[in-house]
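As structure tokens, the structure follows; a few thoughts come after it.
The values are calculated or read from the model by the stated rules, or taken from the named source; none is laboratory data. Quantities reported herein were computed from a predicted structural model and do not represent experimental measurements. Methodologically, a virtual Cβ is constructed for each residue, glycine included, from the backbone with ideal geometry; neighbour enumeration extends over all protein chains shown. These area figures cover heavy atoms from the full protein model, side chains too; ligands, DNA and RNA do not enter into them. Shrake-Rupley method; radii C 1.70, N 1.55, O 1.52, S 1.80 Å.
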Amino acid sequence: MLKKSVFNIVGMHCNACSLNIDWELEETKGVKEVRTSYAKQETNITFDDELISLEKVVEVIKKAGYDVI
């Protein structure tokens, strides 16, 4: 089932950071759509909860070098 979630991100310094998060998540199985906003310091994600958990999404973001609130 597709679900949507919003994560507040800490540690982005520029637009390239938001693109980095998007790229990492887009390469993750189960992620259908992702949009990260540097200006808002948040990531909006649509994902299949049968293929990926919220915990895994947070893990991918943290592995890319950012914190999630």
Members of region 25-41 found to be surrounded by 12 or more Cβ atoms within 10 Å (Cβ to Cβ), within 20 Å of residue 55 (Cβ to Cβ) and basic (Lys, Arg), listed by number: 32
Residue 58, sole failed condition from (1) part of a helix (DSSP H, G or I); (2) buried (at least 17 other Cβ atoms within 10 Å of the Cβ); (3) of a type in the set (A, V, I, L, M): (2)
Which listed residue, of 48, 67, is farther than 14 Å from residue 5 by Cβ and either at pLDDT 95 or above or of a type outside the set (Phe, Trp, Tyr) (or both): 67
Criterion (open to solvent by less than 50 Å² (accessible area, probe 1.4 Å) and either among the basic types (Lys, Arg) or at negative phi (or both)) met by exactly one of 22, 67: 22
Members of region 55-69 that are touching a residue at least 12 places away in the same chain (Cβ under 8 Å) and either out of contact with any helix residue (DSSP H, G or I) (no Cβ under 9 Å at 6 or more places or on another chain) or of a type outside the set (Gly, Ala, Ser) (or both): 56, 57, 58, 60, 61, 63, 66, 67, 68, 69
Test: residue in region 5-12 that is open to solvent by 60 Å² or more (accessible area, probe 1.4 Å), at pLDDT 95 or above and out of contact with any Asp or Glu (no Cβ under 8 Å at 6 or more places or on another chain): no
